[in-house]
1. Six or more apart or on different chains, Cβ under 7 Å: which pairs go from a residue in the range 81-107 that's under 29 Å from residue 44 (Cβ atoms) and free of Cβ contacts under 8 Å to residues at least 40 places away in the same chain to one that's in a helix (DSSP H, G or I) and open to solvent by 60 Å² or more (accessible area, probe 1.4 Å)? Could you list them?
2. Any idea how many residues of the range 10-65 are exposed (fewer than 11 other Cβ atoms within 10 Å of the Cβ) and touching an Asp or Glu at 6+ places or on another chain (Cβ under 7 Å)?
Amino acid sequence: MSRVHREDRGLAAVARVREVRETDSRIGLQQVLAEEAALHARLAGLESAIAGSALPDVATPAALLAARTGLAHTGILVGETRARAATAEIVTTDARARWGTDRARLAAVEHLLARRAARRRTEDERRAARDADDLAAQRWLRGRP
């Protein structure tokens, strides 16, 4: 699209706008995917912390209460992180759909531009063939006695 035919300037402007939108939605999708992955990693870390926590063999009541309280707070964090991860999955699905729509719209405009360019090439080739036929006919007529 480096050289735009004058008849395609409007459609080329639409293509540029749609290209920017597609790029923005792709970058947004990448950011949402990174946030979702970070939430899932945090959730896995919290769940492994709960699974790996063991109560000490000999402990004072205060130590047992502190360990229980720590586990309870970790459990609350797990619940909150699961809720955030579920929300992130919904946002990711929406961002992926938006990017797909933007990509399809851009592809449609690019396809129209390509079809117009192909039609112009075909017309130019026909015009060149007709001109070549005319020149050949004139040359043949000049060569006749």
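1. So the pair list comes out empty.
2. Result for the range 10-65: 0.
The values are calculated or read from the model by the stated rules, or taken from the named source; none is laboratory data. Nothing here was measured: the structure is a model prediction, and the numbers come from that model. Please note: Cβ atoms are built from the backbone with ideal geometry, for glycine as well, and neighbour counts cover all protein chains shown. With ligands, DNA and RNA removed, areas are computed over all heavy atoms of the protein, side chains included. Shrake-Rupley method; radii C 1.70, N 1.55, O 1.52, S 1.80 Å.
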